[in-house]
1. Compute the FRET efficiency between B:F622 and B:K647 as 1/(1 + (r/R0)^6), taking r as their Cβ-Cβ distance and R0 = 41 Å, and round to the nearest 0.05.
2. Across the Cα atoms of chain A, what radius of gyration and what greatest pairwise Cα-Cα distance (Dmax) are found, in Å?
3. Have a look at the range B:37-154 and give its Rg and Dmax from the Cα atoms, expressed in angstrom.
4. Expressed as a fraction of 2.2 N^0.38 Å, the rule-of-thumb size for a compact globular protein of N residues, what is the C-alpha radius of gyration of the protein assembly as shown?
5. If amide H atoms are built 1.01 Å from N in the plane of the peptide, which residues on other chains or at least 5 residues away come under 5 Å of the amide H of B:T392?
6. Leaving out same-chain residues fewer than 8 places away, which aspartates and glutamates sit with a Cα under 18 Å from that of B:K6?
7. Hey, how many Å between the Cα centroid of the range B:149-191 and the Cα centroid of the range A:305-323?
8. Taking the dipole about the Cα centre of the range A:395-484, with the C-beta of Lys and Arg at +1 and of Asp and Glu at -1, give me whichever of A:F469, A:A416, A:L451 is farthest to the positive side.
Amino acid sequence: MVQFPILGIGILSWIVFLPVIGMLILIFIPKAYEKTIKYVAMIFPILQIILSVVLLMNYNKDLAGINKLESFQFVEKLSWINIPALIWDGTINIDYLMGIDGISLPMIILTSIIGFVGVLASFSIKRNEKGYYILYLFLVTGMMGTFCALDLFLFFVFWEIMLLPMYFLIGIWGGERREYAAIKFFLYTFFGGIFMLITIIGLYFSSKDPVTGLHTFNMLTLMNPAAIDPNSLLGGVGTNLRYLAFVALFIGFAIKVPIFPFHTWLPDAHVEAPTAISVILAGVLLKMGSYGIMRISYPIFPDAAVWFMYPMAILAMINIIYGALCAMAQKDFKKLIAYSSISHMGYVMLGIASGTAIGFNGAVFQMFNHGTITAVLFLSVGIIYDRAHTRGLYDFGGLANKMPKYFAVIIIAFFASIGLPGLSAFISESFVFLGGFKNETIRVLTIISTLGIILNAAYILWTIQRIFFGTLPEKWNEITDINGRELLSTVPLLLIIIILGIFPSPFINLMTSSVNQLVNIIWHLN
Amino acid sequence: MDYTLKYLPLVILLVPMFSFLLLAFFGNKLPRKGDFIAVSLLFINLALSLIVFFAFAQTGKYSYTVDWFNLGKGNLNFTAGFVIDELSSIMLIVVNAISAFVHLFSVKYMEGDAKYKKYFSYLGLFTFSMLGLVLTNNVLLMYVFWELVGVSSYLLIGFWYEKPAPQEAAKKAFIVNRVGDVGFFLGIMIIFLTLGTFTFTDIFAGIEAGKLQGGLLTAAGILLFCGAIGKSAQFPLHVWLPDAMEGPTPVSALIHAATMVAAGVYLTARIFVMLSADALTFVTFIGAITAFISATIAITQNDIKKVLAYSTISQLGYMIMAIGVGAMSFGMFHLVTHAFFKACLFLTAGSVIFGMHHVQDIREMGGLRKKMPITYWTFLIATFALCGVPFTSGFLSKDSILAATMAFANINGGITYIIPIIGFSVAGMTAFYMFRLLIIAFLGEPRNKEKYDHCHESPIQMTLPLIILAALSTFVVFSFNPIGADSGWIMQMMKTPESLLTGTKGMIYHIVDRAEYTEMLHHAHYPAMFLSLAIAGLGILLAYVFYHWKKVDVEKLTEKIKPLYNFSLNKWYFDELYDATVISFTMAISRLSAWVDNKIVDGVVNGSATVTRWTSFGSGKFDNVVVDGLVNFTGGLVGFFGLIFRKFQTGKIQTYIMFLVFGIIVLYFMFR
């Protein structure tokens, strides 16, 4: 079954695998044609943006998705792996199943935008560009696929496949300690992947498709309690094994988000990664973790989700406050933004832990907003690093007068990051807090978390002061203001941030019905 | 008229935004960087807000609401809208008027500044945010504009960010305000989750229906008021406002004296009807404490702007206290009169600083009366207003507040008598420190001859706003009766509404109905008036005795009360206290977190990696040495035996026969 085919192939397959076509083309372009390589690489994210606009225009916001295939949109279902099993009865049957709903659509839009911005930011890469762009496109495919997949096996394939290009992109084109950072990133995420895999296999063997009677990897089937064999490992409701499986899955996702105490790969990876990769990392990759929790953990283990809300809220609170405190103590601009990411992903987690519609809305919206805002911040760090070759917060001063356009760009991003009303993150953060406050179990934790608002303002304003205020050190007399390409990569994001801050409704409407459906599943309202 | 009230407020709101965007993007291309556009737009806006005001006076309250966005099936609805009522229509005029005068004043004051264009565009941004705050009919939107005024204030305090002091002041202002805002936001959350709405009228309807009551209602009221504590610089968050004087002086006049800092008072007035008895007690005491502390500090300050800043805090405390004691309309009245005379005072201070070439220390001034006559006379009128001298607007509003505190104490008795006592003592101190300032700066002999000689009166662009503002500080603007405002238009229009909780009792506070309160007010009116006149007169007299006639040696007196003097001069050591506690603590815990993160959390990760590496190294060795060693050993053993047995394989039949015989012999002996 393929809905919305273009040239016989489903639109989701197009959007996921377009970059692979790009890779194949790049392979045949000789290394010396650097410009051609860049522009060819740029075409594919642009095509993805066009396709995601097509998705957006044809998307029916009243269909909920989440656990019902018929209310998913642009669905593609093809038999992928179908072999008779040797050890047990029946066959191994894995579908190529893709589809989107109100939770994945914002992420797909985000990925296509950030993918394009990332290519622009990659123009400062001067070493082995061919290899770089091939890996970059491969990375984009992996991310897109993760947000489209509705089959656990397929999801896992995309999830893991993306590690490979990331490892090389950091390890080859990164900073001084790039190898350490790359290995740390790879091993850490891979370690989490193992936990995921165990749970996925456990789910597979516990499942029994009510229609075919076979085991299945289909997420939507697994969300149906009737599809879980009550006598199996993960059968029943609220059993210890189910809790354990939830935790194992959670660890896999938590490492990606990252949630305290699994977050320490992030500052290293960010500091060492080239600008574009930092942008991708913060802009999209982190969201895969929180997306996974909403897409897989919550609907498949609603019993455990409710049980673990309190601990998750504690972790979210730690993320928010501890991340902000750590950010405050940093002396490296990029590391500061990395820790601020940890703090802001805490808001996402708090929204998820709230288990309320408004909290989920806030969480998804915050994922999107954090993606755009942090992308601008990392781009800005890159802009200054390209010119000064240092990121020390104490190495600068007085740049506001020297680089007025740059100052204007970054100050909007900074104020968005501290949740200034009129900019997008204000709405998502407010939703998250409202959601957390609404849930009586985690109300106190939510109140404590609001301290993060103050801390965020403190370290951001301090950063502005150190970099932009005061007098310009003489060594930066020659520094130039932001150029056209850099404006092209940041200004569209800023426009999104401002527009969504003033008119959030078109965006929120996209996800409302899905979010409500998710709430219904968790609290068994249907 | 309907259209006037429907669309004109939006136009008024957007005009300064337009000014901001125009100047920010095209300012450099415009002649004179577009300042004349900004100024004329603001004067147009002032005219428009007068039209709105008269339209409102004819047709009455008008409110307009649209859906902003909603979540799901209509149960979570976020709206946006504005309301034109007596509060907002008057505030529109106040904000636009002062903003327009400040724009005009700034043309000369900021002339030649490198960031001239930026300055005017920021003023536009501020005015936009402030008008939004005033117009909105919904508490969430108020929070939105609340934060936006905070940002424009941040940008303008830190306008001269090349110097360290403005940087610090801007940052401090924003962060301190954030502390209050968190409380504000928590209050909004309580309201939204219990009542499901943000609109003021719906909130009040919900409370009237009993959906939010008791302790939670008190908490909601106090939390919302926390926002006011931050923005209106109330104790204990008042520390940012004196530092905010690092901004350009016209900005201090507009933002940090007349309008933005009054936003907290405006908010408290808006939510007045839902404040429970205990919340009102809290409001009253915060206001009184603030008024008192800052008045005691203002007495010893030597920076002309610092004196005015502390006086602003003190007057804001008055307004808050007035709302607390149940006289909301008086608080708002004082807000309006204060806005004009305090803006006038700040702009005169600006004129002095301009004329004296950036001298702010009053000990360097003296005798300026002769050099700057217009500045002097306008300063004098505004000072009269601030001190509550008859025939000024300040006299009317201040007396009303003092009468209200007396009425309040008469109703509640006991400890509440401290409120009027504070009120009157602050009135005395205000008169004293203002005349101290006036005498030292404008009268007597010049102390710095060189500066004095170069000093000049300011140009017409600066003095004209001063004259207008001074004129607006007289009683006729608000009431034709110089000793009572009751019959004046503003008091006729603005009546304190009946509280939703009338008749309830808090710990020490009893909310009585309006009729009873008005009755008590009438009794208090004349005693309060005479008492305050006497006290203000005493304050002025003392100032003359000390500083003009020099009957008392101030130096010696200061020596005698050195600890008290230092306590006041150092602002009660609030900054030092906060530095030593909250700030040090936060910085320490932040460094600790970073250390923990680096050494412990990441240490575990790296540690486990190390352990894994050592384990793999160990198992590698084990594999190499033991497992492989065993294999090799076996092989070696076999080889060794082979080596030995090879000796036997000589290939000679004789040797084999010999071994055979030898073997048989051995076997024979073994089994014999």
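The values are calculated or read from the model by the stated rules, or taken from the named source; none is laboratory data. Because the structure is a prediction, the values reported are computed rather than measured. Heads up, the Cβs are rebuilt from the backbone with ideal geometry, glycines too, and the neighbour counts pull from every protein chain shown. In case anyone asks, the SASA skips ligands and DNA or RNA and just uses the protein heavy atoms, side chains included. Shrake-Rupley method; radii C 1.70, N 1.55, O 1.52, S 1.80 Å.
1. 0.70
2. Computed over the Cα atoms of chain A, radius of gyration and Dmax are 22.3, 76 Å.
3. 16.6, 57
4. Expressed relative to 2.2 N^0.38 Å, the Cα Rg reads 1.12.
5. It is B:F475, by chain and number.
6. B:D67, B:D85, B:E86
7. 29 Å
8. Selected residue: A:L451.
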